[in-house]
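Okay, so here's the structure we're looking at.
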């Protein structure tokens, strides 16, 4: 046992829609041990100081994607960020940037969910296939074309990082476009032309100004910036070549 | 799929921006060196390299015309796009006016240089 318990100051952005006009910061003094994550710090506050503190969490091991927040202004998963790395300085935790706050650290993700649905995030087969044709055969090369984009856990840290999403919430955004790209690149899928309508739309890839912060903050090492920028090229090709294509490209 | 999606016209500007970015990265530094350092200081290049008759001959050559037009026009389209988006990024919600000034000046400069270059004859 250490003779003196270390105590870190955690500054939390609080907002109660029923009583507060706008969010405000409150400071809590939290005793912590070396193995305590920022999420555990928030849980300590909820258990010992204020049971009304609201935040999302589930798995505690960086796979569910629920516990994203701004930690000293940087979008991070609070379960894999440790208090010891900030001590003895004060640490500030806030709701993820660029999203409307519902309560305290919980943001409204309904816009993101709508975007996720809009990209048709499932395999749409190239041609009808019957059971007796057996399983799809995929080469390692075909597999490698999309596998990294499957690692997304929908934590939306990339949206909190994206300055363009911050300015235009209609932008489809990094994670949804990375997932769209994941299905487009899958050799079993044949709906790239259908999805192009969204990629090339005013809400689509051209909102991106290639800042690249989305890929930097991604906890699963997906590279959404890459997916977005590949699709800029695809959309530009579609724009100029659509008159030559027999189907006329997307509308 | 969402209803009422409108196709963005961004590819036109983005392609010019991309071409200009590539072109300026490839030729910008060496042009600064030739026109700004090497020729005025007669460093590595004789000082008459860019004399009027030589430059006129360059501008009257078909390929020379193309190169000069590309340098002026593509650099400007690149800059226009970059400035317009930087306004956006620093939180200035640049509207139609800024768009017209940025892309408009690139467009006007393109037309003017094309007319002047063609006017120099072949």
### Task
Considering only residues that are more than 12 Å from residue A:119 (Cβ to Cβ) and facing chain B (nearest Cβ under 7 Å), look in the stretch A:197-218 and name the one that is surrounded by the most Cβ atoms within 10 Å (Cβ to Cβ).
A:200
### Task
Considering each of A:4, A:66 in turn, give the residue that is assigned to a loop (DSSP other than H, G, I, E, B) and closer than 23 Å to residue A:214 by Cα.
A:66
#### Entry: Test result for residue A:52, surrounded by 11 or more Cβ atoms within 10 Å (Cβ to Cβ) and at pLDDT 95 or above
no
### Task
Would you mind finding the one in A:77, A:25 that is closer than 13 Å to residue A:10 by Cα and touching a residue at least 60 places away in the same chain (Cβ under 8 Å)?
A:25
### Query
Quick check: is even one residue across the stretch A:78-90 outside the structural domain of residue A:218 (by TED's automatic domain parsing), crowded, with 21+ Cβ neighbours inside 10 Å and assigned to a strand (DSSP E or B)?
no
### Query
If you go through the stretch A:133-153, how many residues are in contact with a helix residue (DSSP H, G or I) (Cβ under 7 Å, 6 or more places away or on another chain) and surrounded by 16 or more Cβ atoms within 10 Å (Cβ to Cβ)?
3
### Query
in the same structural domain as residue A:136 (by TED's automatic domain parsing), modelled with pLDDT of 95 or more, closer than 20 Å to residue A:73 by Cβ and buried (at least 21 other Cβ atoms within 10 Å of the Cβ): does that describe residue A:180?
no
### Yes/no for residue A:240 being within 13 Å of another protein chain (Cβ to nearest Cβ) and either crowded, with 20+ Cβ neighbours inside 10 Å or not in a helix (DSSP H, G or I) (or both)
no
### Task
Could you please let me know if residue A:192 is out of contact with any strand residue (DSSP E or B) (no Cβ under 8 Å at 6 or more places or on another chain) and within 14 Å of another protein chain (Cβ to nearest Cβ)?
yes
### Query
Can you name every residue in the stretch A:106-132 that is closer than 17 Å to residue A:183 by Cβ and surrounded by fewer than 11 Cβ atoms within 10 Å (Cβ to Cβ)?
A:122, A:127
#### Entry: Selection count, the stretch A:7-52, where residues are assigned to a loop (DSSP other than H, G, I, E, B) and more than 19 Å from residue A:81 (Cα to Cα)
13
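The values are calculated or read from the model by the stated rules, or taken from the named source; none is laboratory data. Predicted, not measured: the structure shown is a model, and the values here were computed from it. Counting neighbours? That spans all protein chains shown, and the Cβs are built from the backbone with ideal geometry, glycine included.
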